[in-house]
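The values are calculated or read from the model by the stated rules, or taken from the named source; none is laboratory data. What you see is a predicted model; the values in this text were computed from it and never measured. Positions of Cβ are backbone-derived with ideal geometry, glycine not excepted, and every protein chain shown enters the neighbour counts.
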Amino acid sequence: MLRLSNKGLWMIAIVLSLLTTGLVYSYLKKTSGNLPANTVAVVVAKVDIGAKTRITADMVQVTKVPAPYLQPGGVQDVKEVIGMLSKEPILAGEQITARRLLGEGKSAGFTGLIPPDKRAITMGVNEVTGVAGFVKAGDYVDVVVTFEKSMAGDNVSQLALQNVLVLAANRETEGGAIEATNTTSKDKKEVIKTASVTLAVTPDEAAKLTLSEDKGKVRLVLRPFMQNAGVSTAGPITPQDIVGIHNSPISPQEPTEKAPSPPTTPPPATVKQSGGIQMIRGTKTEVVSVN
């Protein structure tokens with residue numbers, strides 16, 4: 001039996017290590033050719049982009065990824081992204097797709113902006129009922145309706161709708177299809193007053209809003225930014241709920257002056273046991289004897 005020294009065992013170990021390294025290198029070199037060789041350009045976020053943020057050139061960049069890794073609807077031209085609004089937060093390094101940008105339904109016209117389960121309805125507003133013109137497309141509002149002489153016989157206000165998406169203010173959509181101001185020859189901006197607001201409502205809410213406008217007065221209530229979830233419990237309000245019920249100190253049927261007391265009737269004459277009759281005449285009293 002052949003016995004190897006320690007030196008011989010070390011030499012064999014080194015040779016086997018070199019052989020294993022060579023085999024691994026050869027395998028990796030052959031399999032690297034199986035990786036996708038074709039790459040495509042895609043627009044990714046360079047920084048974190050918040051929701052409802054207008055995207056600028058310094059927020060995005062173009063990078064190349066293997067074709068199978070391109071997300072459906074991935075934007076490949078940076079010009080299609082700049083100036084658009086983000087529908088939801090986009091993290092740095094994420095691909096930007098058309099679904100995540102507002103205005104993806106632009107090719108379908110205004111109907112492309114209506115959510116699938118909603119309907120678009122327009123209501124007239126003014127400086128007061130339209131929150132001084134601060135209501136813009138993309139905001140969420142509540143709708144309050146006031147009826148004069150309700151079924152209960154008194155004025156009543158009710159929070160009719162809550163958390164309603166504003167699709168457009170006048171004819172301006174969230175993508176900014178129409179500018180909110182006009183520029184005059186003196187480079188001064190003339191503010192266009194909001195005269196109508198288009199809301200996204202369900203068919204049932206559309207009927208409720210139509211009746212509210214026809215029979216009562218409608219007012220919008222603007223909700224906070226990015227706080228469009230949840231509803232509040234609010235019942236109908238009447239004037240009595242605000243000022244309360246006060247009892248008058250003097251009843252309207254109570255006479256203000258006392259009626260004069262009826263004249264006193266003089267007491268009837270009495271007969272005394274002495275055999276005479278006592279007669280009262282005015283303030284004088286006399287006794288008439290009976291024979």
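For this structure, a couple of remarks:
- Condition met for Glu254 (in a loop (DSSP other than H, G, I, E, B), in contact with a strand residue (DSSP E or B) (Cβ under 8 Å, 6 or more places away or on another chain), at pLDDT below 55 and not aromatic (Phe, Trp, Tyr)): no
- Test result for Gly50, on the phi > 0 side of the Ramachandran plot, assigned by TED's automatic domain parsing to the domain that holds Pro89 and at pLDDT 80 or above: no
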